[in-house]
Amino acid sequence: MAATVASKCSHLGRSLFGGLRNNFSGLLTTSHESTCSNFLSQQQRTFIQMRTVLKVVDNSGAKKVMCIQALKGKKGARLGDTIIASVKEAHPNGKVKKGKVVYGVVVRAAMQKGRCDGSEVKFDDNAVVLVDKQGQPIGTRVFGPVPHELRQKKHVKILTLAGHIA
């Protein structure tokens, strides 16, 4: 892409600017490269939506799940929301088997969420804790940090099982 821009700029520079061709094409190439580097450095962080693969951070037996449906909101799920998911990878002797449809609560999301004190919280990965239909966790342990926003969403049991509350 950069080579295409440079060749067009050199053509333009020769016809309009004469001797300023090299400086002009260098400026356009530099601005194009900086635009691409800014775009690549900013990772797209969106809602947890259909077909999003999430890491399971409890000891229920599942390793990875794929979101089938977010139960709240049209766009998708955020921190503390409940989703319906299908188990894609599982431990061989766990409570949950591969292919089973389960409910889960999103405990870590890559999309940032603003807090009431003005700070923002976002995580490196998307993670979920598996729960039953009543909202009780299937596993007995929760690994990694869990945000305290789950208390507002009435998931206090997950907070008691978590080792670190962020």
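The Kirkwood radius of segment 119-161, taken over pairs of alpha-carbon atoms, gives through the Stokes-Einstein law at 20 °C and 1.002 mPa s a diffusion coefficient of 188 µm² s⁻¹. For S119, the solvent-accessible surface with a 1.4 Å probe is about 50 Å², rounded to the nearest 10. The heavy atoms of F47 offer some 50 square angstrom of accessible surface to a 1.4 angstrom probe. Label reach from R141 (point 7 Å along Cα→C-beta): in segment 90-113, amide nitrogens under 18 Å belong to 90-96. Candidate cross-link partners of K88 among the lysines, defined by an alpha-carbon separation under 18 Å and a same-chain spacing of 8 or more, comprise K55, K63, K64, K97, K98, K100.
Classify segment 38-150 as rounded, prolate or oblate, taking a ≥ b ≥ c as the square roots of the eigenvalues of its Cα gyration tensor: rounded when a/c is under 1.5, otherwise prolate if a/b is larger than b/c and oblate if not. Prolate, because a/c is 1.5 or more and a/b exceeds b/c. Which residues does a label at T46 reach in segment 62-90, if reach means a backbone N under 13 Å from a point 7 Å past the Cα toward the Cβ? Counting only backbone N, you get 75-77. Accessible area per residue was computed with a 1.4 Å probe on protein heavy atoms; D132 scores about 60 Å². Bridging of K157 to aspartates and glutamates at a Cα separation below 19 Å is possible for D58, D81, D132, E149, once same-chain residues fewer than 8 apart are set aside.
The values are calculated or read from the model by the stated rules, or taken from the named source; none is laboratory data. Not measured: the values here are computed from a predicted model. Heads up, the Cβs are rebuilt from the backbone with ideal geometry, glycines too, and the neighbour counts pull from every protein chain shown. All accessible areas refer to the heavy atoms of the entire protein, side chains included, with ligands and DNA or RNA removed. Shrake-Rupley method; radii C 1.70, N 1.55, O 1.52, S 1.80 Å.
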